[in-house]
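Here the structure is laid out as structure tokens; the discussion comes afterwards.
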Amino acid sequence: MNQIKLFFLSPYLAMGVVLLMYGVKVASKLSIGRWIHSPMIEGDGWHNVADIGEACVVIATIWFSRLPPSDTFPLGRKNIESIFSVAVSVLLAIMAFKISGTAVISLWNIAHGQVAPLVMSPEVVVWVMGVTLGSALVSGIVSTYQIKVGKRTGHASLVADGKETLSDGLIEITIFLGIVGEYILDAPWLEYPFALIVSVVMVRTAREIGARGLAALLQKSIGIHHERAIKAIVADMYGVASVAQIKTFMVGSAVILIMKVLSRTSTEMSRLLKESMALQIAQYLRQEGFVDGEFFIRFDVPDSDAHRRTVALVCDHRSWRVAHSIQEATHVAISDIAFGEVGRTVLHAVAHKETGEETEEALLALLEEQHVRELVLFAFDRAWNGMHTPSGVWILNGGSENPSVYGLPKV
Amino acid sequence: MFQLMYVADIYGPQGTGPVFIADQLRLEETVVEKIPPGQIEYLLVDSRVSLFVTPVLPQRRDLNVLLTREVPALKLECGRCVLVPFGKGDSGVRAARLGVRLAKGLDLPVVFYHTTWRKPGVESIDGWDHLHDEARKVAQTLRGIACQQNVFFIFDIQIQAPSVFAGIIVASFKRHAAMIVMARGTNILRGSYVSQMAESSPVPLLILADEVTT
């Protein structure tokens, strides 16, 4: 079953069907047009010959975009599809302006009584109506198939061509309405308002295709809300400190994601994290309608917040506790702190004099000399908590008298 | 579930995580006691009713330990689960007994994870078709435990993960595990999966106390 599904979702098969459709259209329109001497049908047949050429360009574009990345094209060649999309959008816009211009002029002429009636015998009219309506129906069916395959396989050129085929179908319906209006309803103006509506639809389609193609060519972000969502997915994973950088853009239909993740995990764990992130991001992008993607995720360590911390200690009969005040301290343990963990720690004896003031002076001088950021005491006057010494050292209440709580080994 | 919870009393940002996590796990009338991390090595602990929450793994293997590393809080929001890996032995069943009760208390589903060797000649991509008979029996027991506790559960049977360690880690991220619950196998002489996980898992890991054997 999957094999059959895959077969029908092949972009080459879709383009084969398009070529077949145009082949049948060209053969029928040219032969019927010549047979019934209808320049309109014959002209449309020649237009379809040009469409065959366009279909061949689409096939070449798909083939080219599918070439694997190389040293010279590290992200592949998928942007060729975006170039094609922009080209199709320009052609559609030109066609839309031409149709709307003709419709406005024709409506003006009708309003001023300058009607140029269609010249067809009743037998010919039936053929013309049959060919245009049949052609429009086939265009509708084939374009739907083309767009579906294009979206599923991520070929923007196929989607753009499908939308162009759909516009062809709408033009054919306009022609059909024109004939019905003139020969059955006696209302030759009928096709022109419809032509105006069709031209608006075409301009909107052109804008949509062109904007998407240009966004890819100019490497526009896939959207701030998508980037925020991806950041949230990643930041929600255990082991991730934060997402430092995220950049997204499209190459063809593929989302390119460049992300820098801050984490302290080991190299092996980073690899597994990366794998898990890629799975979750891919799942999110699929839900949001993106079909393809390539992720470049690199890991870096977060800021270590390296600093020095001092714990004021009291040595009392060979037992150690955290000092209640600076004056009481007999020693200080100065630790190098990085990532919140205690590293190298050095014990300094504080010159203990008769009066506390001298101890304080000596200790503050030591802290300044050692570039200490915080000084930890226990149960000192609460008003001091968070205050600074004159040299700018934070004074903090540690909440425990036990030196091991501060990562200090037994002295 | 846990009548007594010891929390590693560490000053600074490292210490705030375990305290907060212990509070998140205070499901019943639990007494929480802060102790310096080194002190746990000398404490008389009844592992049936107690848990030690710590960012660093203690030496002791006779107590239940929740290893939090740098995690500031357990992620317990909707969509999370408790992951219980299992193998062919009894460690998965022991882990499940606690893990399922914990999941029930936290109102989370349980994912029973297993990675299996590919059976030669079996083409199926369904992990169950490659499951060893003994692992199948364990799965049956796990199902019973979860049903008894009325806890929602699913099985995640992966065919040939690159390694058991990698399989558990990736599954824990894929399934959005709030924590992993594991027990050490009884006959492991060296290199248990629990030790491998304890070494570097960024996901909080609850390691059950070893069973006392005579």
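Assorted remarks:
- Selection of the range B:32-56 for residues being touching a Phe, Trp or Tyr at 6+ places or on another chain (Cβ under 9 Å) and over 22 Å from A:P403 (Cα atoms) yields B:V45, B:V49, B:S50, B:L51.
- Checked against the criterion of being under 18 Å from the mean Cα position of the chain (by Cα) and assigned to a helix (DSSP H, G or I), the range A:198-208 has at least one qualifying residue.
- Residue check, A:V311 out of contact with any Asp or Glu (no Cβ under 7 Å at 6 or more places or on another chain), within 11 Å of chain B (Cβ to nearest Cβ) and buried (at least 16 other Cβ atoms within 10 Å of the Cβ): yes
- Lone qualifier among A:A211, A:A244, A:A235 - being farther than 30 Å from A:M129 by Cβ, within 14 Å of chain B (Cβ to nearest Cβ) and surrounded by fewer than 17 Cβ atoms within 10 Å (Cβ to Cβ): A:A235
- Verdict on A:V322 being within 12 Å of chain B (Cβ to nearest Cβ) and modelled with pLDDT of 95 or more: no
- All positions within the range A:316-326 that are crowded, with 16+ Cβ neighbours inside 10 Å and more than 11 Å from A:N402 (Cα to Cα): A:H324, A:S325, A:I326
- Of all the listed residues (A:I326, A:I337), the sole one being more than 23 Å from B:V170 (Cα to Cα), part of a loop (DSSP other than H, G, I, E, B) and not assigned by TED's automatic domain parsing to the domain that holds A:V255 is A:I326.
- Pick from the range A:397-411, criterion within 15 Å of A:H331 (Cα to Cα) and among the hydrophobic types (A, V, I, L, M, F, W, C), ranking: farthest from the other protein chains (Cβ to nearest Cβ): A:V411
- Any hit, the range B:128-148, residues being in a helix (DSSP H, G or I) and under 13 Å from the mean Cα position of the chain (by Cα): no
- Note on the range B:1-58: among residues that are within 16 Å of the chain's Cα centre (by Cα) and of a type in the set (G, A, S), the one that is modelled with the lowest pLDDT is B:S47.
- Among (1) in a helix (DSSP H, G or I); (2) within 22 Å of B:L25 (Cα to Cα); (3) within 14 Å of chain A (Cβ to nearest Cβ) - the single one B:V194 does not satisfy: (3)
- Where A:A278 falls short, out of the listed (1) buried (at least 16 other Cβ atoms within 10 Å of the Cβ); (2) within 11 Å of another protein chain (Cβ to nearest Cβ); (3) among the hydrophobic types (A, V, I, L, M, F, W, C): (1)
- Criterion: without any contact (Cβ under 8 Å) to a residue 24 or more places away in the chain, surrounded by 14 or more Cβ atoms within 10 Å (Cβ to Cβ) and in a helix (DSSP H, G or I) - qualifying residue of A:N48, A:N109: A:N109
- For A:D305, the stated conditions hold: it is of a type in the set (D, E), at pLDDT 85 or above and surrounded by fewer than 18 Cβ atoms within 10 Å (Cβ to Cβ).
- The set of residues in the range B:45-90 being buried (at least 18 other Cβ atoms within 10 Å of the Cβ), of a type in the set (A, V, I, L, M, F, W, C) and either within 12 Å of chain A (Cβ to nearest Cβ) or not in a loop (DSSP other than H, G, I, E, B) (or both) consists of B:L51, B:F52, B:V53, B:V65, B:L66, B:L67, B:V71, B:L74, B:C81, B:V82, B:L83, B:V84.
- Output for the range B:162-191, where each listed residue is within 12 Å of chain A (Cβ to nearest Cβ), under 21 Å from B:Q24 (Cα atoms) and touching a residue at least 60 places away in the same chain (Cβ under 8 Å): B:S172, B:R175, B:H176, B:A177, B:A178, B:M179, B:I180
The values are calculated or read from the model by the stated rules, or taken from the named source; none is laboratory data. These numbers come from a predicted model, not from an experiment. Neighbour counts are summed over all protein chains in view; Cβ atoms, including those assigned to glycine, are modelled from backbone coordinates with ideal geometry.
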